[in-house]
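So the structure is just underneath, and the comments pick up after that.
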Amino acid sequence: MSYNIDEMGWSDVRNIFRKWRDDNERKSEDVIQLWDAILCDKQTKLGNERHLVLEQVMIAALDCNRIDTAEDCIRILTAEFPGSLRIQKYKAMLLEALERYDDALDVLEQIIKKDETNAAPRKRKVAIYKAQGRTADAIRELCDYMKRFMSDQEGWHELCSLYLAEGEYAKAAFCMEEVLLHNPHSHLIHQRLADIRYTMGGLDNIEIAKSYYCQAVKLNNQNLRALYGLFLCCGHIANSKAPLNKRKEAQKLAQWTIAQIQAKTATPAAALSSKADKSTGKQPKEDVAALEQAFGGLDIAKAN
């Protein structure tokens with residue numbers, strides 16, 4: 001975003017920075033631009049907000065690879081808070097940006113030894129292992145973290161992603177179930193858990209995936225991905241060796257899912273055409289056939 005810097009004062013920039021902090025927006029490039037042009041020479045006027053702004057600018061500088069600016073901010077903060085563990089964490093982040101990962105890990109270990117309840121350095125260690133491509137170490141560290149901070153939804157979500165990267169689908173499903181316990185009304189969590197179960201394969205997992213896709217659609221009937229997944233699950237069940245009543249139920253649900261997908265993906269012209277077909281008693285068989293072909297020609301005909 002471009003700003004008319006000539007017409008802005010230091011108080012305007014301060015208010016913009018404050019709003020971004022309150023809204024949890026990084027806006028790193030804009031922060032650096034406004035800092036260099038206006039606020040850097042006026043930081044003494046910031047009062048109690050000065051340290052918050054320095055932290056905000058330091059993180060933005062790391063995002064933009066402005067190492068010199070980040071070092072200046074850390075130097076000022078260190079002079080005023082020489083024993084702060086928070087500043088030590090920022091030093092570790094600076095070492096990360098310089099790709100001095102071993103030094104950064106040493107700093108983080110020192111922070112953890114001084115305060116074992118501090119979650120931030122443990123998360124930074126996971127981030128460093130990921131940056132180095134050491135997925136197994138990241139999983140081990142994150143598992144140790146989750147034993148201490150079991151209610152961290154982001155931690156469970158990240159652990160799930162790491163397990164998926166390693167092909168550990170059963171463990172990934174367990175992590176998503178933990179996330180679901182904390183947020184049972186999120187259709188996206190139900191959908192992702194269903195995706196994992198579907199990927200695991202096998203009739204039992206497909207049926208579990210179907211139930212989660214159904215719940216995702218129930219929570220948000222505009223979720224097309226959940227509808228597509230539900231159709232695939234029904235197709236598998238309908239063509240499996242499941243009991244006859246389950247196959248019939250899956251066939252009916254697949255037909256309902258096709259109708260829902262058609263209604264939500266139809267263009268205005270297609271919608272008018274569909275209405276015309278209904279008025280003449282014709283069914284849009286071409287659309288159904290195209291959808292079935294897109295999903296591998298699954299057979300949803302009535303079972304004998």
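The values are calculated or read from the model by the stated rules, or taken from the named source; none is laboratory data. As the structure is a prediction and not an experimental result, all values here were calculated from the model. Reconstructed Cβ throughout: ideal geometry from the backbone, glycine too, with neighbour counts over all protein chains shown. Surface areas here come from the heavy atoms of the whole protein model, side chains and all, with no ligands, DNA or RNA. Shrake-Rupley method; radii C 1.70, N 1.55, O 1.52, S 1.80 Å.
Structural remarks
- Those helices (runs of 4 or more DSSP H) lying entirely in region 145-208 with at least 1 residues among the hydrophobic types (A, V, I, L, M, F, W, C) and either at positive phi or more than 15 Å from the chain's Cα centre (by Cα) (or both): 169-182, 187-200
Residue by residue, here is whether (1) within 24 Å of residue 109 (Cα to Cα); (2) among the charged types (D, E, K, R); (3) not in a helix (DSSP H, G or I) holds:
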| site | (1), (2), (3) |
| --- | --- |
| 36 | no, yes, no |
| 39 | no, no, no |
| 42 | no, yes, no |
| 75 | yes, yes, no |
| 93 | yes, no, no |
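- Out of 196, 237, sole residue that is in contact with a Leu (Cβ under 8 Å, 6 or more places away or on another chain), open to solvent by less than 10 Å² (accessible area, probe 1.4 Å) and closer than 22 Å to residue 168 by Cβ: 196
- Of all residues in region 87-108, those that are of a type outside the set (Lys, Arg) and more than 30 Å from residue 167 (Cβ to Cβ) total 12.
- Residue satisfying condition, being open to solvent by 70 Å² or more (accessible area, probe 1.4 Å) and touching a His at 6+ places or on another chain (Cβ under 7 Å), within set 110, 153: 153
- Any hit, region 17-32, residues being open to solvent by less than 70 Å² (accessible area, probe 1.4 Å), without any contact (Cβ under 8 Å) to a residue 40 or more places away in the chain and more than 26 Å from residue 119 (Cβ to Cβ): yes
- Residue 50 meets each of the listed conditions (1) among the charged types (D, E, K, R); (2) closer than 20 Å to residue 24 by Cα; (3) open to solvent by less than 30 Å² (accessible area, probe 1.4 Å) apart from (3).
One line per residue, one yes/no per condition, for (1) closer than 30 Å to residue 241 by Cβ; (2) touching a residue at least 40 places away in the same chain (Cβ under 8 Å); (3) touching a helix residue (DSSP H, G or I) at 6+ places or on another chain (Cβ under 8 Å); (4) not aromatic (Phe, Trp, Tyr):
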{"residue": "121", "(1), (2), (3), (4)": "no, no, yes, yes"}
{"residue": "128", "(1), (2), (3), (4)": "no, no, yes, yes"}
{"residue": "135", "(1), (2), (3), (4)": "no, no, yes, yes"}
{"residue": "165", "(1), (2), (3), (4)": "no, no, yes, yes"}
{"residue": "174", "(1), (2), (3), (4)": "yes, no, no, no"}
{"residue": "182", "(1), (2), (3), (4)": "no, no, yes, yes"}
{"residue": "189", "(1), (2), (3), (4)": "no, no, yes, yes"}
{"residue": "208", "(1), (2), (3), (4)": "yes, no, yes, yes"}
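- Condition check for residue 218: part of a helix (DSSP H, G or I), basic (Lys, Arg), within 20 Å of residue 260 (Cβ to Cβ) and in contact with a Cys (Cβ under 6 Å, 6 or more places away or on another chain): no
- Matching residues in region 118-134 - criterion: being in a helix (DSSP H, G or I) and either open to solvent by 40 Å² or more (accessible area, probe 1.4 Å) or of a type in the set (Gly, Ala, Ser) (or both): 119, 120, 123, 124, 127, 130, 131
Residue-wise test of (1) touching a residue at least 40 places away in the same chain (Cβ under 8 Å); (2) buried (at least 16 other Cβ atoms within 10 Å of the Cβ); (3) β-branched (Val, Ile, Thr).
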residue: 60; (1), (2), (3): no, yes, no
residue: 64; (1), (2), (3): no, no, no
residue: 69; (1), (2), (3): no, yes, yes
residue: 77; (1), (2), (3): no, yes, no
residue: 83; (1), (2), (3): no, no, no
residue: 103; (1), (2), (3): no, no, no
